[in-house]
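A short worksheet on the structure shown next.
Read-outs: derived from the displayed coordinates by stated rules, not from any lab. In this text, all values refer to a predicted model and were calculated from it rather than measured experimentally. Glycine also receives a Cβ, built like all others from the backbone with ideal geometry; neighbour counts cover every protein chain displayed.
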Amino acid sequence: MAVLAIPGVNFTPSPKKEVTSSNYLEASNFNFTNQYMPDLYEKEFQSYGNQSIKGFLEKQGSEFAISSDLVKWTEEGRLTKVYKAATRTGNVFSGTGLVAHAVRPNETVLIYNTVTGVENIGIVTSVNADDFTAVSTLAAGFGVGTTASQLTIYVYGSEFKKGTVGQATSLTTDPNIFENSPIIIKDVDIVNGSDMTQIGWIEVAPEYGGGYLWYLKDRAKTRQRFDDMLEMSMVEGKKYDSASDAKTAGYKGTEGFFSAVAAGNIFEGIVSDISVDYAGIIDRLDAQGAIAENLMFAKRNQDLAFDKGMAALNATYAGGAQYGIFENDVQKAIALSFKSIMWGGYTFHKTAWKYLNDPTKRGAVKGLSAINGVICPAGSMSVYDNILGANTTLPFLHIKYRSNSGEDRRYKAWIVGGAGGATTSSLDANELHLLSERCLNVMGRNNFVLLKSSAV
C-alpha cells in the first residue's frame, strides 16, 4: 500500500508581489450584517511547521570578511605521484600516464601490472620528458610474468653508488589553485502607509512583533525568505559558462556547495550495505585524505536506509527488533534511529537535512538530478593564504562576505520611504531593503562525498 496521490500536497504560493487588503482582513469570510459573532481563532496555525531551511552552513562553517571581487586560495597537491596507463618497450617506459612525468635518475620504482597482478622493481638510469629507462632487479628482466602494457608505476626510493654525485634535479610542489566570486543577493518588503495602520483579525506572534498588524508578519517572513535565499544561493550556485547568455548579460554566478563537492567524490544510489557501500566510501576516503570524522547530511530516503542498515546488524533473528527495546517496557518505544556508525577506523555521524526533503526546494527534484545527501569531513584544514603569505587554519566550509571599515555587506538592512517613521522620500510607503554580498569556499573538496540518485 502507499500514500494516495489525492488529496495531494498544497503548493499554492502564499507570497504575493503586491500588498492587498485581503492580507489583513479577509472580508469575504465575514458577513457584517449578521448579528451573530463567529468564534475566531486569533492564532494562525502553522500547517507546514517551521518552513525555514537554513542552518546547514551556520552549523558547518564560519564567516570571514573580504574586500575583493575575487577569492583565491591554494591547496597542497599530492606529495608523491602514481603513473597509470604506462607501457614498456624493452627497458623503456612510456605511455599517456608518463607524459610530463617527474621520475628522476637513480630512483627506484615499483612497476605493477594491472592485468596479471605481477610486480617488479626497477632502477631508473635515464629520463626524457615523457619516458624513462630503467634496469630490472631480476635476472630475467622485466618480462618475467608480465605484459608490456597497462602498468602502474610509482617511485618509492632511490639508490646511488659509492663516490657518485647526488641527485641533479629537484622537485617543486604543484599546488591546486581555486577561486570563487561573491554575488549580490537582494530582497525588499514594501507596505503603504495606510496598510501600516490596518488592524487584522489574526494576532501576530510575538516573534513577528506582536499585536494585530499583519504587515509585521509579512516583514518577518520577508527576512525569513531572504535568510533561506542566502543559504540556497551558497548551496545551489554555479559559475556561469563564459559563452552563456547570463555571462554575456553581465552576471557571473558563484560556485555553490553541490557544484564544488561534485568535483570531489560522487556515490550513486543509496548508501546502505556496510560491507559494500560504506567499505567503498572508506576506500575512496583513504585515497583522498583519510579524514576519520565525517558528517552525513541525509535526505529522508538515505536517513531511513542508514537506520535500516544499522538495525539489521543488531537483530538477533530475521525481522528481529531487539535493539532499543528498553526491557520491553510498554511505556517506551523501540529506538529505530541511529546517530553514528564506526567502521574501519572511520566515524559517520548522520543527521537529516531539511532542505533535501522540502517539497518546494530540493525535495521537488527527482530522477538522476536528485541528491540523497552529502558526507562532509569534520574539523578544519590548513590552507595557504596569499595575503598573509603563510598557512592558516580554516573550516572546510566557510562564507566570505564583502566588508571594509566603511561598508559591511554581510547582511545589510535599511528602511526608506515616508511612512512608519521613515523620512527619506515623499513616497507614502515604508520599504525594508535587504542585501548581502557573499560566496562559499569549499576547502578540500576531495574529502567530500556527494550522494546522488541513480533513479531515472
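Which net charge results for the neighbourhood of Ala419, defined as the other residues with beta-carbon distances under 10 angstrom from its beta-carbon, given Lys and Arg at +1 and Asp and Glu at -1? Summing Lys and Arg as +1 and Asp and Glu as -1 gives -3. Taking the centroid of alpha carbons for each part, region 426-442 and region 238-311 are 31 Å apart. Remark: the Lys239-Ser149 segment gains 28.4 nm on full extension, using 0.36 nm per residue and subtracting the alpha carbon distance.
Placing a label point 7 Å from the Cα of Gln167 along the Cα-to-Cβ line, the residues of region 76-109 whose backbone N sits under 14 Å from it are 79-81, 102-109. Using the Cα gyration tensor of region 82-162, with a ≥ b ≥ c the square roots of its eigenvalues, what is the shape: rounded (a/c below 1.5), prolate (a/b larger than b/c) or oblate (neither)? It comes out oblate by the Cα gyration axes. Under 5 Å between amide hydrogens, built in the peptide plane, is the criterion, and for Ser158 it picks out Thr108 among residues at least 5 positions away or on other chains.
Using Cβ contacts closer than 10 Å as the measure, can you line up Leu304, Leu151, Leu432 from fewest to most?
Listed from fewest to most nearby Cβ atoms, that is Leu304, Leu432, Leu151.
Look at Arg78, Arg284, Arg88 and count the other Cβ atoms within 10 Å of each Cβ; fewest to most, that gives Arg78, Arg284, Arg88.
Net charge of the neighbourhood of Met342, taken over other residues with C-beta under 15 Å away and scored Lys/Arg +1, Asp/Glu -1, is +1.
The residue list Val165, Thr222, Ser149 was ranked by how far each Cα lies along the charge dipole of region 144-225 toward its positive end, using unit charges on Cβ atoms, and Val165 comes out on top.
Once the other residues with Cβ under 11 Å from the Cβ of Thr96 are scored (Lys, Arg +1; Asp, Glu -1), what is the net sum? Result for the local shell: 0.
What the phi angles of region 265-274 give under the Karplus curve with 6.51, -1.76 and 1.60, with θ = phi - 60°, is a coupling list of 9, 10, 10, 9, x, 9, 7, 9, 6, 5 Hz, glycine and proline written as x.
Taking 25 Å as R0, compute the FRET efficiency from the Cβ-Cβ separation of Ser405 and Glu63 and round it to 0.05.
Result of the calculation: an efficiency of 0.90.
Label-to-label distance, Ala262 versus Ser369, with points set 7 angstrom from Cα along the beta-carbon direction: 1.0 nm.
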